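Taking it in order: structure first as structure tokens, then the write-up.
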Amino acid sequence: MASPGYSASPIEALYKNHHAWLQSWLRRRLGNAGDAADLAHDTFIRLMLSPRHVGVADEPRAFLTHVAKGLVVDLWRRREIERAYLETLGNLPQSHAPSPETQMLVIEALVQIDRLLASLPPQTRTVFLLAQLDGLTLQQISEQVAMPVITVRRHIHKALLMCLEAA
């Protein structure tokens, strides 16, 4: 129980007034009470860690759904990555399958790589993937994307710097 003169923080008041509503909204959207509870919790954690709370006072539910929608997209992307990885593992002989702990570490790494790639500008991402996954030379990439070799080199440099910063 709060002591006399206690004033709730804005996040605490927001949680108290809207948590149940947000969890219900997420449950309808996801069809899963457990995921809804986790994402409602994560929404408020994200708000607490954010230096700015723009839009909270004016339209709290619109703001909360905006944050929660981003977390829903993250959940779906993570599950898609996990599904693809586990499907790939299913095609390996059982003797080559990594331990469950290693599988989770690989999934976490893949999610981080996906986030990093998604944060790159589209041209930079395309050039970087052509170099790293397809093994094309600067000249081949230049011809494929119709940009000068020096520009291709700059895009690859930019992507590599972002990778180093993320490491």
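The values are calculated or read from the model by the stated rules, or taken from the named source; none is laboratory data. Keep in mind it's a predicted model, so treat the numbers as computed, not measured. Neighbour counts are summed over all protein chains in view; Cβ atoms, including those assigned to glycine, are modelled from backbone coordinates with ideal geometry. All accessible areas refer to the heavy atoms of the entire protein, side chains included, with ligands and DNA or RNA removed. Shrake-Rupley method; radii C 1.70, N 1.55, O 1.52, S 1.80 Å.
Structure notes:
- When the criteria are applied in full, Ala159 meets the requirement of being surrounded by 15 or more Cβ atoms within 10 Å (Cβ to Cβ) and under 19 Å from Gln112 (Cα atoms).
- Pairs linking a residue in segment 13-32 that is closer than 16 Å to Leu71 by Cβ to a residue that is of a type in the set (A, V, I, L, M) and open to solvent by 40 Å² or more (accessible area, probe 1.4 Å), with Cβ atoms under 6 Å and 6 or more positions apart or on different chains, are Arg27/Ala33.
- Residue among Gln140, Gln132, Gln103 that alone is open to solvent by less than 50 Å² (accessible area, probe 1.4 Å) and farther than 30 Å from Ala13 by Cα: Gln103
- Odd one out for Gly70, checked against (1) touching a helix residue (DSSP H, G or I) at 6+ places or on another chain (Cβ under 9 Å); (2) of a type in the set (Gly, Ala, Ser); (3) without any contact (Cβ under 8 Å) to a residue 12 or more places away in the chain; (4) farther than 30 Å from Leu39 by Cα: (4)
- All helices (runs of 4 or more DSSP H) inside segment 73-163 with 3 or more residues being more than 28 Å from Leu39 (Cα to Cα): 122-132, 138-145
- Of all residues in segment 32-69 being of a type in the set (Gly, Ala, Ser) and surrounded by 12 or more Cβ atoms within 10 Å (Cβ to Cβ), the one that is modelled with the lowest pLDDT: Gly55
- Check on Glu101, under 25 Å from Ala167 (Cβ atoms), among the acidic types (Asp, Glu) and at pLDDT 90 or above: yes
- If you go through segment 1-30 and pick out every residue that is over 21 Å from the mean Cα position of the chain (by Cα) and either aromatic (Phe, Trp, Tyr) or at pLDDT 90 or above (or both), you end up with 10.
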